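The values are calculated or read from the model by the stated rules, or taken from the named source; none is laboratory data. Since we're looking at a predicted model, the values are computed, not measured. Positions of Cβ are generated from backbone atoms using ideal geometry, with glycine treated the same way; all protein chains shown enter the neighbour counts.
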Amino acid sequence: MSEPILTEDQRDALQEIANIGMGQAGARLAALLGRFVHLSVPRIRMVDTDTLPTAVRDMLDFTEPVTALRQSFRCDIAGEAISLFDSRSAEHMKAVFGSDDMLGEQGEEEMSDAEALSDVANLIAGACLTGLFEQLGQLPTFTPPRVIGVQLDLEEVLHPSKLPWDRALLLEVNLQTEDGVFGSHLLTLMTAKAVQSLVTALEGFLANL
């Protein structure tokens, strides 16, 4: 079976609806941080396990080690969402969630980078992908974020041995505060089988325009 390829119209439609999903994620993040959040134009490309680290490195606006969390999503279209954060983001979110009115059950215990970012990763992926798939008539469910690692090189996060597929569609979005205290990249990966379902959903979306 030949590999599913998005047509130009399908790619434009995916980028447009991903933008709407990003807007929802950006609004929720801005409310949490009390800061304006800049959103990138979603970037879409087919990648394989060997070229994924290079492709993602070209998209990132930070080069230092990252804290990475991963969660699966599923509807008629399934895939993986990987959230990447730089060190300043982790420290800032520890300060946000460590404030007196947000400590909750944490009490006075020191919060780890992963704990500080888990809820944020869930917020960004959930809002962005739910906003995207709702426009395709889908309602995704998500697994809780799982920590891949803290302060890892990108090549460690995206090592082929950690990816149970050979080739996938990569959708990348970037959220940054204007003062630079927070930055995150959301990588959405869908295998060839999922892309077949995505193509069908996009065709339905385009037919109803």
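The figures follow:
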{"read-out": "Residues satisfying the stated conditions in region 114-138, i.e. farther than 20 Å from residue 149 by Cα and either assigned to a helix (DSSP H, G or I) or touching a Ser or Thr at 6+ places or on another chain (Cβ under 7 Å) (or both)", "value": "126, 127, 128, 129, 130, 131, 132, 133, 134"}
{"read-out": "Number of the exception - residue 1 against (1) surrounded by fewer than 18 Cβ atoms within 10 Å (Cβ to Cβ); (2) in a helix (DSSP H, G or I); (3) modelled with pLDDT under 90; (4) not aromatic (Phe, Trp, Tyr)", "value": "(2)"}
{"read-out": "Pairs with Cβ under 8 Å, 6+ apart, first in region 3-14 and farther than 12 Å from residue 201 by Cα, second of a type in the set (Gly, Ala, Ser) and at pLDDT below 95", "value": "3/192; 4/192"}
{"read-out": "Qualifying residue in region 142-156 (condition: touching a Lys or Arg at 6+ places or on another chain (Cβ under 9 Å), in contact (Cβ under 8 Å) with a residue 24 or more places away in the chain and assigned to a helix (DSSP H, G or I))", "value": "yes"}
{"read-out": "Residue selected from region 63-80 under the condition under 29 Å from residue 134 (Cβ atoms) and among the polar types (S, T, N, Q), by the criterion farthest from the chain's Cα centre (by Cα)", "value": "67"}
{"read-out": "Subset of region 32-44 [of a type in the set (A, V, I, L, M) and either in a strand (DSSP E or B) or modelled with pLDDT of 90 or more (or both)]", "value": "37, 39, 41, 44"}
{"read-out": "Output for region 106-126, where each listed residue is at pLDDT 90 or above, surrounded by fewer than 20 Cβ atoms within 10 Å (Cβ to Cβ) and hydrophobic (A, V, I, L, M, F, W, C)", "value": "123"}
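Table: residues versus (1) closer than 24 Å to residue 120 by Cβ; (2) in a helix (DSSP H, G or I); (3) out of contact with any strand residue (DSSP E or B) (no Cβ under 9 Å at 6 or more places or on another chain).
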residue	(1), (2), (3)
6	no, no, no
9	no, yes, yes
12	no, yes, yes
18	yes, yes, no
23	yes, yes, no
26	yes, yes, no
30	yes, yes, no
46	no, no, no
